[in-house]
1. Just name the residue that is farthest from GLN357 (Cα to Cα) out of those in the stretch 82-91 that are assigned to a loop (DSSP other than H, G, I, E, B) and open to solvent by less than 20 Å² (accessible area, probe 1.4 Å).
2. In this structure, is ARG30 surrounded by fewer than 21 Cβ atoms within 10 Å (Cβ to Cβ), at pLDDT 90 or above and on the phi < 0 side of the Ramachandran plot?
3. I need the full set of residues from the stretch 152-168 which are open to solvent by 40 Å² or more (accessible area, probe 1.4 Å) and in contact with a strand residue (DSSP E or B) (Cβ under 7 Å, 6 or more places away or on another chain), in order please.
4. For the stretch 213-231, state whether one or more residues are over 28 Å from ILE144 (Cα atoms) and out of contact with any helix residue (DSSP H, G or I) (no Cβ under 8 Å at 6 or more places or on another chain).
5. Kindly indicate whether GLY176 is at pLDDT below 90, surrounded by fewer than 18 Cβ atoms within 10 Å (Cβ to Cβ) and part of a loop (DSSP other than H, G, I, E, B).
6. Among the residues of the stretch 274-288, count how many are touching a helix residue (DSSP H, G or I) at 6+ places or on another chain (Cβ under 8 Å) and not in a loop (DSSP other than H, G, I, E, B).
7. In the stretch 286-316, what residues are under 19 Å from LYS145 (Cβ atoms) and surrounded by fewer than 17 Cβ atoms within 10 Å (Cβ to Cβ)?
8. Within the stretch 92-114, can you find the residues that are part of a loop (DSSP other than H, G, I, E, B) and either over 26 Å from the mean Cα position of the chain (by Cα) or assigned by the TED database to the domain that holds ILE152 (or both)?
Amino acid sequence: MATNPTESSNVRSGYRHSVFGDTVFCMPERYVDVVPRGIGAQGTVCAAYDTVTAQNVAIKKLSRPFQNVTHAKRAYREFKLMKLVNHKNIIGLLNAFTPQRSLDEFQDVYLVMELMDANLCQVIQMDLDHERMSYLLYQMLCGIKHLHSAGIIHRDLKPSNIVVKSDCTLKILDFGLARTAGTTFMMTPYVVTRYYRAPEVILGMGYKENVDIWSVGCIMGEMIRGGVLFPGTDHIDQWNKIIEQLGTPAQEFMQRLQPTVRNYVENRPRYPGYPFERLFPDVLFPSDSSEHNRLKASQARDLLSRMLVIDPERRISVDEALLHNYINVWYDEGEVNAPAPGPYDHSVDEREHTVDQWKELIYQEVMEYETSHNPAAVAASSESSGSR
């Protein structure tokens, strides 16, 4: 880590620079012991110690939020949603700030969150017993249910966006696809991981809440098998991987597809699929639990077989999954039915703005957040810049 004093002239007082590779972090001095944690599609993350709250935190600098309309809209949506939700299984927003002093100079958005130990990709590689596996799944389902209660359907859950602490507590890191970010079956090149996306998303169909159950099933199957279940190279390969293992869906499912997609799907070779005992034999599971929960492979496999159902009309719901005997050993009314967040305004997902308009909206959100959470910091900044 190197400190870069040369850029401090155009930033607010009480901020300092740290440079990690190509990324400059400019943060309030309350954050110390800053170390880089990783670079993702949506930003660079570092870990730090917050001297004001005396806790370890993760600070995410959004990557080029105003590069284009898509980036700007995503940044606005993420910030709005993080302010809205409040559940132990969804990552919490602890602070937000920008080092720039005015809208004209505004270019960086930083989100401060709880620091976690690992993401689920690392956890999947471990030998998990039934207790841990079922507890992780239970927490995922609680977090998803909370999002659904705000009218947010995720559609893009994957291990890289789920984080876990060493005590096995779990949090969902992001809010998935905006409603307008649909997936068209025939075109979009493979830019992001779609291994966990449900058939109805891959095929461009309508969807409901249990679209997220498919993703949980894929993650659970990966925990058991130790590898990705449906590692398609594109949408079409993805669909083939699914039907090769689970079988070609019934005609009533085909009837609900758009004509061009249906034409393609119906012309694929027909696959009978394999029974779940063959896809997930006993040898892949941890040994049956001797603890009072008495969790066993047959229960885990039964849950999987209800989640990994191609036709969403026949797939288990989130509420049903939470009551399944492999999951309900952890059932806590306060976690399952936590107070719903305020409803999310979905017009954001449909709104068309220029980059500058999104930028102004985000700036207003950051300022509003800082005013309500860090009034002293805002006052100090106003004094240092004369006026805002």
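The values are calculated or read from the model by the stated rules, or taken from the named source; none is laboratory data. Being a predicted model, the structure only gives us computed values, none of them experimental. Here the Cβ positions follow ideal geometry from the backbone for every residue, glycine too, while neighbour counts run over all protein chains shown. Only protein heavy atoms, including side chains, enter the accessible area calculation; ligands, DNA and RNA are left aside. Shrake-Rupley method; radii C 1.70, N 1.55, O 1.52, S 1.80 Å.
1. Only one residue fits best here, namely ASN89.
2. For ARG30, the condition - surrounded by fewer than 21 Cβ atoms within 10 Å (Cβ to Cβ), at pLDDT 90 or above and on the phi < 0 side of the Ramachandran plot - is met.
3. SER160
4. No, the conditions are met nowhere in the stretch 213-231.
5. Spelling it out, it is not the case that GLY176 is at pLDDT below 90, surrounded by fewer than 18 Cβ atoms within 10 Å (Cβ to Cβ) and part of a loop (DSSP other than H, G, I, E, B).
6. 5
7. Those that are under 19 Å from LYS145 (Cβ atoms) and surrounded by fewer than 17 Cβ atoms within 10 Å (Cβ to Cβ): none in the stretch 286-316.
8. Selection gives PRO99, ARG101, SER102, LEU103, ASP104, GLU105, PHE106.
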